[in-house]
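Structure first, then comments.
Rule-based calculations on the coordinates, nothing more; no lab input. Since the model is a prediction, treat every value here as computed from it, not as a measurement. Note that each Cβ is placed from the backbone with ideal geometry, even for glycine, and that neighbours are counted across all protein chains shown.
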């Protein structure tokens, strides 16, 4: 099977989480930004396959402002994973992006197996089988 290389925008301001996300997406073409302003600039200029979005960011704007921009941008159909551990912030993002998937980074990295399964799913594209990733449904792993 040929691995799919995704174009990913990572929007995260915390260095520890940046390192985790860089590791998660290491087999893909990714860009990392830590402010809403920079994220919006890139979203206006480039097409992405996946956006990994945090709520709390450096600067005076939050992830919900990025989400509002995404909803009316060239990336409005792009898959969004809200990796924020701020559940209230994630709820604000979902008002603009109701199809975004809220999967806190702590859940993505809960076990080494979870992390590896998520990387495996990403190698096949953006349609992630979360039941497989989290081991709830071992027989449901899809093949593409």
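Would you mind calculating the relative contact order of the chain from Cα pairs under 8 angstrom and at least 6 residues apart, reporting the percent as a whole number?
With pairs under 8 Å counted, the relative contact order is 21 percent.
Order 98-104, 88-94 from most to least packed using the mean count of other Cβ atoms within 10 Å. It would help to have the intermediate numbers written out before the result.
On the way: 98-104: 14.4, 88-94: 18.0.
My ranking of the peptides, most packed first, is 88-94, 98-104.
Which shape class, rounded, prolate or oblate, goes with the range 7-113 when its Cα gyration tensor gives a ≥ b ≥ c as root eigenvalues, a/c under 1.5 marks rounded, and past that a/b bigger than b/c marks prolate? Working shown, then result.
On the way: a/c = 1.42, a/b = 1.22, b/c = 1.17.
Rounded is the answer for the range 7-113, as its axis ratio a/c remains below 1.5.
Fewest Cβ neighbours within 10 Å first, please rank 95, 38 accordingly.
Values: 95 11, 38 18.
Exposure proxy ranking, most exposed first: 95, 38.
Note the angle between two axes, namely the Cα long axis of helix 112-122 and the longest principal axis of the Cα atoms of the chain, as a number of degrees from 0 to 90, rounded to the nearest 10.
That works out to roughly 80 degrees.
Using Cβ counts within 10 Å as a stand-in for footprinting exposure, how do 11, 82 rank, fewest first?
On the way: 11 30, 82 27.
Least to most surrounded, the residues fall as 82, 11.
Residues in the range 15-35 near a label at residue 130, defined as backbone nitrogen under 17 Å from the 7 Å Cα→Cβ point?
Hits in the range 15-35 for residue 130 at 17 Å: none.
If we count other beta carbons within 10 Å of each Cβ, what is the order of 108, 85, fewest first?
Details: 108 20, 85 15.
Placing the least packed residue first, the sequence is 85, 108.
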